[in-house]
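Take a look at the structure below.
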Amino acid sequence: MHLRHLLGIQGLNPVSVTAMLDLAENYVLLNRSGKTQRDLLRGRTLINLFFEDSTRTRTSFELAGKRLGADVINMSVSTSSVSKGETLLDTAATLNAMNCDLLVVRHNQSGAPALLAQKVDAAVINAGDGMHEHPTQALLDALTIRRHKGRIAGLTIAICGDIAHSRVARSNLLLLTMMGNFVRVIGPPTLIPAEIAALGVTVHHEMQEGLDGADIVMALRLQKERMTKGLVPSAREFFAFYGLSAEKLTFAKPDALVMHPGPMNRGVEIDSEVADHPTRSLIKEQVEMGVAVRMAVLDTLARRPRWNG
Ligand code: CP
């Protein structure tokens, strides 16, 4: 698989997704064995450039890079010269001049990683851009599902909550439909974009209808930081209609599994009883798979020739 950057699921196809998941599977085994593979990225530099907060994505890219032997730098935007007015492109040009090999970027503007990819020699990985995409989240979700259901095709997957502002939803819709799953989105009309049906999903505004027969139920956080006006009356009312409770989960298949990309707002989009369920919740495993998938992504991108030979 030749991949120059990972900017979105739109740049992948079923063969490349399967290859990435297969490679990640090897890294799950490596991580569980407690071993590392530090020769793979020895001498390579990975910079985490996060303009938005993150716990899971930034930490797992750091772990992934270190387990493969890269020199990993975490740039704190608040203490960098960005706070003095340096532009995104000038920041990137500065990092590029330091011969960075892998640039992991999170930004609140859709398209920021794609813009950087045109300007730097490093391989750019989109770690979440605005409401656009979060491709490594979709890949780690797919790996988690495949490990539990034995396949990543022909499943009915319901994604609930704030679809409109979610880059996780968008990357998952693209990946899961491309792999041949039946994807439903469930939420209030204010949180589901009108044009979403064009992506090959079905739209539901009632949890009972949308969860009926689902194999996987994915809950999403209300992304209040991206809402320009109040789109839900209150968190309490949202939970009553769309919060994933044990009662609502009975509408799905008896063996349906629960996912959430995190960070969770308990009692808003998901109830603790469901989030912490010992057999039906995959939320902690999603975090584990995040490290393995990010190792696979770094491994794949590092296979391209170095920019300076
Ligand atoms: N799922 C996810 O992107 O989490 P973080 O914001 O903590 O990275």
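Say we look at the range 42-58 and pick out the residues that are more than 8 Å from the ligand (Cβ to nearest atom) and not charged (D, E, K, R); which of these is farthest from residue 285 (Cα to Cα)?
Among those that are more than 8 Å from the ligand (Cβ to nearest atom) and not charged (D, E, K, R), it is 43.
One residue stands out among those in the range 152-186 that are more than 16 Å from the ligand (Cβ to nearest atom) and in a loop (DSSP other than H, G, I, E, B): the one that is modelled with the lowest pLDDT, which is 164. One residue alone among 236, 294 is of a type in the set (D, E, K, R), in a helix (DSSP H, G or I) and more than 16 Å from the ligand (Cβ to nearest atom), and that residue is 236. Return a yes/no flag: does the range 131-138 have any residue that is out of contact with any Cys (no Cβ under 8 Å at 6 or more places or on another chain), more than 16 Å from the ligand (Cβ to nearest atom) and under 22 Å from residue 22 (Cα atoms). Taking every residue of the range 131-138 in turn, none turns out to be out of contact with any Cys (no Cβ under 8 Å at 6 or more places or on another chain), more than 16 Å from the ligand (Cβ to nearest atom) and under 22 Å from residue 22 (Cα atoms). Scanning the range 210-225 for residues that are within 15 Å of residue 256 (Cα to Cα) and either surrounded by fewer than 20 Cβ atoms within 10 Å (Cβ to Cβ) or of a type in the set (Phe, Trp, Tyr) (or both) yields a count of 3. Taken over the range 37-58, the criterion of being in contact with an Asp or Glu (Cβ under 7 Å, 6 or more places away or on another chain) and part of a loop (DSSP other than H, G, I, E, B) is satisfied by 40, 44.
Could you go through the range 107-121 and let me know if any residue there is within 15 Å of the ligand (Cβ to nearest atom) and closer than 26 Å to residue 38 by Cβ. Looking through the range 107-121, none of the residues is within 15 Å of the ligand (Cβ to nearest atom) and closer than 26 Å to residue 38 by Cβ. Residues in the range 59-80 that are within 15 Å of the ligand (Cβ to nearest atom), more than 19 Å from residue 299 (Cβ to Cβ) and assigned to a helix (DSSP H, G or I): 77 alone. If you go through the range 239-258 and keep only what is in a helix (DSSP H, G or I) and within 23 Å of residue 157 (Cβ to Cβ), you end up with 239, 241, 242, 246, 247, 248, 249. Inclusion of residue 303 among residues that are surrounded by 20 or more Cβ atoms within 10 Å (Cβ to Cβ) and charged (D, E, K, R) is not warranted. Within the range 259-276, the set of residues being touching a residue at least 12 places away in the same chain (Cβ under 8 Å), farther than 17 Å from residue 163 by Cβ and not in a loop (DSSP other than H, G, I, E, B) comprises 273, 274, 275. The residues in the range 233-287 that are small (Gly, Ala, Ser) and touching a strand residue (DSSP E or B) at 6+ places or on another chain (Cβ under 7 Å) can be counted, and the count is 6.
Residues are listed down the side, and each one gets a yes or a no for (1) modelled with pLDDT under 95; (2) of a type in the set (A, V, I, L, M):
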| site | (1), (2) |
| --- | --- |
| 79 | yes, no |
| 82 | yes, yes |
| 90 | yes, no |
| 97 | yes, yes |
| 111 | no, no |
| 128 | no, no |
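Among the residues of the range 188-224, which ones are at positive phi and touching a helix residue (DSSP H, G or I) at 6+ places or on another chain (Cβ under 8 Å)? The one that is at positive phi and touching a helix residue (DSSP H, G or I) at 6+ places or on another chain (Cβ under 8 Å): 200. Could you please let me know if residue 59 is touching a helix residue (DSSP H, G or I) at 6+ places or on another chain (Cβ under 7 Å), at pLDDT 95 or above and either among the basic types (Lys, Arg) or surrounded by 15 or more Cβ atoms within 10 Å (Cβ to Cβ) (or both)? Judged against the criteria, residue 59 is not a match.
Is it fair to say residue 3 is among the hydrophobic types (A, V, I, L, M, F, W, C), assigned to a loop (DSSP other than H, G, I, E, B), at pLDDT 95 or above and farther than 13 Å from residue 293 by Cα? No: the conditions fail for residue 3.
The rows are residues; the columns are (1) closer than 30 Å to residue 227 by Cα; (2) touching a residue at least 60 places away in the same chain (Cβ under 8 Å).
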position: 4; (1), (2): no, yes
position: 10; (1), (2): yes, yes
position: 22; (1), (2): no, no
position: 43; (1), (2): no, no
position: 57; (1), (2): yes, yes
position: 64; (1), (2): no, yes
position: 95; (1), (2): no, no
position: 98; (1), (2): no, no
position: 118; (1), (2): yes, no
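The values are calculated or read from the model by the stated rules, or taken from the named source; none is laboratory data. This one's a predicted model, so the numbers in the text were calculated from it and none came from an experiment. Heads up, the Cβs are rebuilt from the backbone with ideal geometry, glycines too, and the neighbour counts pull from every protein chain shown.
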